[in-house]
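This report refers to the structure that appears directly beneath it.
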Amino acid sequence: MNEQTTGEERSGGMSWGCGVPPLSEEGMRVYKWGLNGDGFTVREAAAMLRVPLPEARRVVDELRALQLVQSLPGEPDRLVPANPDLAAAGVLAPIEIDILSRQRSVTRLRDALTRLSPLYQASRSGASVEEVVDVVPDAQSVRCLLNEWAVRCRAEVLMVQPGGGRSADQLREAHERDLQMLERGIRMRTLYQHSARFDLPIREHIRTLREAGADIRTCEVLFSHLVVFDDEVAFIPAATGSGGAAVIRGSAMIGFLRGVFEHIWTTAKPFVPHHLDDQAVTDEIKQTILNMLTEGVKDDIIARRLGLSVRTCRKHIAQLMRQMDAQSRFQFGYLAGRGGLTRAGRTPA
């Protein structure tokens, strides 16, 4: 971590990019304090903040860069707060112009690349290749493609999200992308695993999407990540293990993936986020754990398939053993088999 990042985190400031410094908590304090007087010096600011002079000078330089303070006429060392509305115009206008310029550049480049797509597809068709699979090796490129196809999507998107929780960055990016599609009237259906029901950020994410029109269900085990846009393109994980994806085009392969999705969808349970204690879902999870245990599957593999942490998985196992009064895994398996509980769709009473 570099010194600038460390300083921003220490001050609690927000970085605006484009060479503009963050407005730190110390800067806010000095600005508010300065409003109550007839001007101040760096040395007086240091005394107020109770910090060394170089640190106070850094804070004052920050306020100068943001045009929030200015020198008194004839007294260059004495500062007074400036109008923040004028400061905003002076500081942010160049940034806004730069953003608009970058957006126009992105649009021009996207249009140019889109014009090349028919040529690429025609070359594949000329080679009599009906099904096209392109491997995108890195996660960043995959995210860019997902965002691109989300913008181009016209009617429907299908998504399969195995596992439990997702990182804050992944969730934030997906949340924004999904809401933009829903606002355009795109039909969205998403499958999660049951374990997602017990993850607070996921529940909040889903609550917002459902209010915007998304249809979301969960089941015990899912086969893989999957995103399908308009039955035109599908994204599945690449075998590289580096966050890449295989991007699939072609009616036969996408039709197969849709068929798998629809098969799971019919048996999955609707996800209503405020139903925190869904006993039926918990029983399904325990039944699946019971079945896998009697088949000799290890705890970490069970946890991975169900999208649970190993700790949560072992907690369920301990509960099952207590319910059956089993003193060991061997006795537990014997009692479960003798009681006909495996594959029976019911957990111990």
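Annotation note: Cβ proximity below 7 Å between a residue of the range 144-162 that is more than 14 Å from Ala234 (Cβ to Cβ) and a residue that is assigned to a strand (DSSP E or B) and among the polar types (S, T, N, Q) (sequence gap 6+ or interchain) occurs for Gln161/Thr190; Pro162/Gln193. Residues that are crowded, with 16+ Cβ neighbours inside 10 Å and within 29 Å of the chain's Cα centre (by Cα) within the range 281-298 comprise Val281, Thr282, Glu284, Ile285, Lys286, Thr288, Ile289, listed in sequence order. Which of the residues spanning the range 231-245 are buried (at least 16 other Cβ atoms within 10 Å of the Cβ) and touching a residue at least 24 places away in the same chain (Cβ under 8 Å)? Scanning the range 231-245 gives Val233, Phe235, Ala238, Gly244, Ala245. Of the strands (runs of 3 or more DSSP E) entirely within the range 223-325, those holding at least 3 residues that are modelled with pLDDT of 80 or more and touching an Asp or Glu at 6+ places or on another chain (Cβ under 9 Å) occupy 245-249. Which fully enclosed helices (runs of 4 or more DSSP H) of the range 20-90 have 2 or more residues being without any contact (Cβ under 8 Å) to a residue 12 or more places away in the chain and surrounded by fewer than 17 Cβ atoms within 10 Å (Cβ to Cβ)? Passing ranges, in order: 25-34, 53-65.
Would you check if there is a residue in the range 191-205 being more than 15 Å from the chain's Cα centre (by Cα), open to solvent by 20 Å² or more (accessible area, probe 1.4 Å) and among the acidic types (Asp, Glu)? No; the residues of the range 191-205 include none that is more than 15 Å from the chain's Cα centre (by Cα), open to solvent by 20 Å² or more (accessible area, probe 1.4 Å) and among the acidic types (Asp, Glu). For Thr266, indicate whether it is open to solvent by less than 60 Å² (accessible area, probe 1.4 Å), of a type in the set (S, T, N, Q) and free of Cβ contacts under 8 Å to residues at least 60 places away in the same chain. No; evaluated as a whole, the condition is false for this residue. Would you call His205 closer than 21 Å to Ala155 by Cα and not in a loop (DSSP other than H, G, I, E, B)? In short, no. Kindly indicate whether Val227 is β-branched (Val, Ile, Thr), within 22 Å of Leu257 (Cβ to Cβ) and over 17 Å from the mean Cα position of the chain (by Cα). For Val227, the condition - β-branched (Val, Ile, Thr), within 22 Å of Leu257 (Cβ to Cβ) and over 17 Å from the mean Cα position of the chain (by Cα) - is not met.
The values are calculated or read from the model by the stated rules, or taken from the named source; none is laboratory data. Note that the coordinates shown come from a computational prediction; the quantities given were computed from them, not determined experimentally. Because the Cβ atoms are built from the backbone with ideal geometry, glycine has one as well, and the counts that use them run over all protein chains shown. The protein model used for the area step is the full one, side chains on, heavy atoms only, and it has no ligands, DNA or RNA in it. Shrake-Rupley method; radii C 1.70, N 1.55, O 1.52, S 1.80 Å.
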